[in-house]
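Following: one structure in structure tokens, then a few remarks.
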Amino acid sequence: MINVDHSPPLLEVRGVRKAFAGVQALDGVNISIAPGEVHCVLGQNGAGKSTLIKTLAGVHLPDEGEIIWQGEPVTISSPTQALSLGIATMYQELDVVDGLTIAENIFLGHELSLGGLLNVREATKRTRDLLRRLGHGDLSPGREVGTLSPANKQIVAMARALSRDIKLIVMDEPSAVLDSEEVKNLFRVVRELTASGIAVVYISHRLAEIREIGDRISVIKDGRSMASGLDAQTMETAELIKLMTGRAVANVFPPARPIAADAAELLVVDNLSVKGVFAPVSFTVRAGEILGLAGLVGSGRSEILEAVYGARKATTGTVKLGGTVLKRGSVRDAVHNGMGLSPEERKSQGLLLDEPIYRNVTLSAFARFGRFTFLNEKSERSTARAQLESLELRPADPDRAARTLSGGNQQKILLARWLVHGTRVLLLDEPTRGVDVGARAEIYGLIRELAAAGTAIIVVSSEIEEVLGLADRVLVIADGEVLTEVPANQIDEPGVLDLVMKGSAA
Amino acid sequence: MSEQTTTSSAARPPADSGNAGSGSIVKRILGGSAGRNAGLVIALILLVIIGGATSGDSFLSLNNLLTVLRLASIIGVISIGMTFVIISGGIDLSVGSVLGLTSVVATLAAVQTAATSFWPLMVIIALAVGVFAGIINGVVIAYGNVVAFMATLAMLVAARGVAEILSKRSTQIVNNNEFGDIFGGDLIGVPVLIWMFVLVAVAGWILLNRTTFGRRTVAIGGNREAARLAGINVKRHTVYLYALAGLTAGIAGIMMLGRTTAGTSTHGTLYELDAIAAVVVGGTLLVGGRGSIVGTVLGVLIFATLTNVFTQNNLDTSVQAVAKGLIIVIAVLLQQRFASRGRAH
């Protein structure tokens, strides 16, 4: 570990632990942040980064451990208190109020007043100064925030942070919504902030960015600090990945199996498009095959999946499942004909979190249980239990609430749902988001087994490596267009990114 | 009621499922749905004790008991339909005025047509009007993407207006004696109205806890998007739910005709609020995803008993309204505490 501590730390986090409903989100995090530095926090999805941020922002109180601010132990019990200490947070889901103007957003909660009345003129003036400082003097303080692009909303969020007297600003994946030009502006602003002594905690998945803007790196994995204070310029990439994942990633994927030459084309997508979202695509998936859709966030990959499933109504084209043309825009028809989707946002789109596992498992199939439309809970439970056991979900207790399970086990519930339903075509959107590395390998194995049993599978993931590792064949997508279709073993991650960059430029 | 423990144990606190074994047994029991019902039973018993202490024999007599139940029965039937709508995450403000409309249409049909001599036609007309109004609500909400509150508020106003136009603001007397004899009468010493409430409640319980219809309702209220992506036709189901609420309003309209032997556009005024109060006090979450028929029935009984205790003691109805308001606030406060226990964060 490289120690570049010269000044006393601005903020120290010591041994912080936090649990939610039996899930240990933070399990001993130690981070020390110096004034004026850009401190990057690296970690996989579900590593505990969000919980850490919320602990610093006063949203969560740690169960154990200490937070030391400018040499004094503090308890940050509310967002207001965090702000008054001088800690501002920019969340990934930008928490600006759409219906208010830029100036009203910036001074929300600490409105400027003059004898009890709002001092609009002063607020407008200061807003203009802040926006100019952030390189966006072109934005009018009176403009309604709802009309702004995500990048400009982020500028507003940042201006709001700067409108207070802050010493530390936490940015949660600020570059996720920005294009490259806007990222440059962001970096310029970050450099200006640090030059004036403000420390920045910068969360991002993009290693290249971290190298460019970061001073030091801390890595957390499964809620634990793996390393802190690493030098952002000299640290080996391979070493960082190993710290993040706990293993070299190469061996996680099960070997692909050759698909029978006469395997039927179970899913035939012909000329499918959604106006303004993605251009017409055509592809087929054979029984036993895994097709991957590779592309960046916003490329249209999830939207294609949704259109195939009927969750988004297609403008043109057809989807045929085993010879039957599916009704456009009807999820029910797709499910009825043997298609299943494990959605991108497992919690908000996939699960009934407060319901027991078995009801989640039987949700798509429960017409099969019991006579007529009467339910037979006993047979529901036993079917669910059998499926959970075969997926090695432990404990296979069908009565537990879905909320209490880990990400990997929640993903297994969704797989179980479609297995019980008897799905022939399975669409998986981000199958391992928020799933830790150990459970990932297990999920990959299950997906491969399903394919081997004759299911046609489409996988979408923001991790290109995952798509390439799992799939037999890959469609590379950028800006709503399919750039190419290649066997997965004939392309690598740089190759995909290269295509995507060129495709976007064209 | 012990069945309720196993079938609608929606969100168990983590203590219940084996890990993080904190919290006393009392808290655990009160956190479960059976516990919430137990709380309601205790509240009801307390009310009965207060009634018995203040008014003695006249309160505890069988006659008075039947009066309470008879009063409770019409709101009760509406509340059962309302329970389904609220569990699905919706609301139906129109049930009271739809009740009034069904009573007017059914009596007009009886006065002006051959239905005078054939009471089942009155029943069928009342039910059809209720279901029809419910379908309109459901279609506007599901396919028109109008917020349930607004769609049913519009129906509340419109149905009352239609009823006034049809009845010319005059009270229509039911002149079919058979109808009055049946719905105003007794069966085995118990008023028919009470039997109807019992029947609707039992049917509602079965529908909610034992059929795919009920499971879908809970799923839609718990996570609408997940339900849709699991292949449930959420829009169509929404229409069914409001049709069901309309159906209960129609049944309540018949009961009202039986009790008053007259149809008028003012029947059922503000009943929607009493029904919502009973449902929420009964432990059904206003945001949807969790609820119980047993709880709703207990909620209805608590309000009916409260009214009776006040009447027996010749207390002002204004004081009674204040007491009702207090009960609603206390129930919702308790509900939130249990909900946050179940959700952890």
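The values are calculated or read from the model by the stated rules, or taken from the named source; none is laboratory data. If you're wondering where the values come from, they're calculated on a predicted model, not measured in any experiment. Counting neighbours? That spans all protein chains shown, and the Cβs are built from the backbone with ideal geometry, glycine included.
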Inset, instruction - Would you be able to say whether some residue in region A:338-347 is within 13 Å of chain B (Cβ to nearest Cβ), surrounded by fewer than 21 Cβ atoms within 10 Å (Cβ to Cβ) and in contact with a Leu (Cβ under 7 Å, 6 or more places away or on another chain)? - result: yes
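For B:Thr261, are the conditions met, namely being away from every other protein chain (no Cβ under 14 Å), touching a Gly at 6+ places or on another chain (Cβ under 7 Å) and surrounded by fewer than 24 Cβ atoms within 10 Å (Cβ to Cβ)?
yes
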Inset, instruction - Identify all residues within region A:1-18 that are touching an Asp or Glu at 6+ places or on another chain (Cβ under 6 Å) and at pLDDT 85 or above; write none if there are none. - result: A:Arg14, A:Arg17, A:Lys18
Legend entry - Test set (1) polar (S, T, N, Q); (2) surrounded by fewer than 17 Cβ atoms within 10 Å (Cβ to Cβ); (3) at pLDDT 90 or above - A:Ser273 fails condition number: (2)
Inset, instruction - State whether one or more residues within region B:202-214 are among the hydrophobic types (A, V, I, L, M, F, W, C) and in a loop (DSSP other than H, G, I, E, B). - result: no
Inset, instruction - Only residues that are away from chain A (no Cβ under 13 Å), β-branched (Val, Ile, Thr) and closer than 21 Å to B:Val297 by Cβ: list them for region B:169-219, please. - result: B:Ile188, B:Val190, B:Val192, B:Ile194, B:Val198, B:Val200, B:Val202
Inset, instruction - Output the residues belonging to region A:188-212 that are under 22 Å from the mean Cα position of the chain (by Cα), within 25 Å of A:Glu93 (Cβ to Cβ) and assigned to a helix (DSSP H, G or I). - result: A:Leu207, A:Ala208, A:Glu209, A:Ile210
Inset, instruction - Looking only at region B:220-237, decide whether some residue is within 18 Å of the chain's Cα centre (by Cα) and either within 12 Å of chain A (Cβ to nearest Cβ) or under 22 Å from A:Leu414 (Cβ atoms) (or both). - result: yes
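Yes/no per residue for (1) part of a helix (DSSP H, G or I); (2) more than 13 Å from chain B (Cβ to nearest Cβ); (3) modelled with pLDDT under 80:
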| residue | (1), (2), (3) |
| --- | --- |
| A:Ala367 | yes, no, yes |
| A:Gly370 | no, no, yes |
| A:Arg381 | yes, no, no |
| A:Ala384 | yes, yes, no |
| A:Gln387 | yes, yes, no |
| A:Arg394 | no, no, yes |
| A:Asp397 | no, no, no |
Inset, instruction - Return a yes/no flag: does region A:154-161 have any residue that is touching a residue at least 24 places away in the same chain (Cβ under 8 Å), surrounded by fewer than 22 Cβ atoms within 10 Å (Cβ to Cβ) and in contact with a helix residue (DSSP H, G or I) (Cβ under 7 Å, 6 or more places away or on another chain). - result: no
Inset, instruction - Would you tally the residues in region A:418-435 being crowded, with 19+ Cβ neighbours inside 10 Å and either aromatic (Phe, Trp, Tyr) or farther than 29 Å from A:Asp262 by Cα (or both)? - result: 4
Inset, instruction - Scan region A:118-135 for residues that are assigned to a helix (DSSP H, G or I) and farther than 27 Å from A:Glu181 by Cβ and report the count. - result: 6
Legend entry - Among the residues listed as A:Ala441, A:Ala451, the single one being of a type in the set (A, V, I, L, M, F, W, C) and at pLDDT 90 or above: A:Ala451
Inset, instruction - For region A:399-422, enumerate the residues that are assigned to a helix (DSSP H, G or I) and within 12 Å of another protein chain (Cβ to nearest Cβ). - result: A:Ala402, A:Arg403, A:Thr404, A:Gln410, A:Ile413, A:Leu414, A:Arg417, A:Trp418, A:Val420, A:His421
Legend entry - The listed residue being of a type in the set (Val, Ile, Thr), in a helix (DSSP H, G or I) and modelled with pLDDT under 80, out of B:Val26, B:Val41, B:Val104: B:Val26
Inset, instruction - Scan region B:256-275 and report the pairs whose first residue is farther than 16 Å from B:Arg160 by Cβ and whose second residue is of a type in the set (Phe, Trp, Tyr), with Cβ atoms within less than 8 Å and a gap of 6+ or a chain change. - result: B:Leu257/B:Phe179; B:Leu257/B:Phe183; B:Gly258/B:Phe179; B:Gly258/B:Phe183; B:Arg259/B:Phe183; B:Asp274/B:Phe303
Legend entry - B:Phe132 loosely packed, with under 15 Cβ neighbours inside 10 Å and either assigned to a helix (DSSP H, G or I) or among the acidic types (Asp, Glu) (or both): no
Legend entry - Test result for B:Thr311, hydroxyl-bearing (Ser, Thr, Tyr), closer than 21 Å to B:Asn37 by Cα and modelled with pLDDT under 90: no
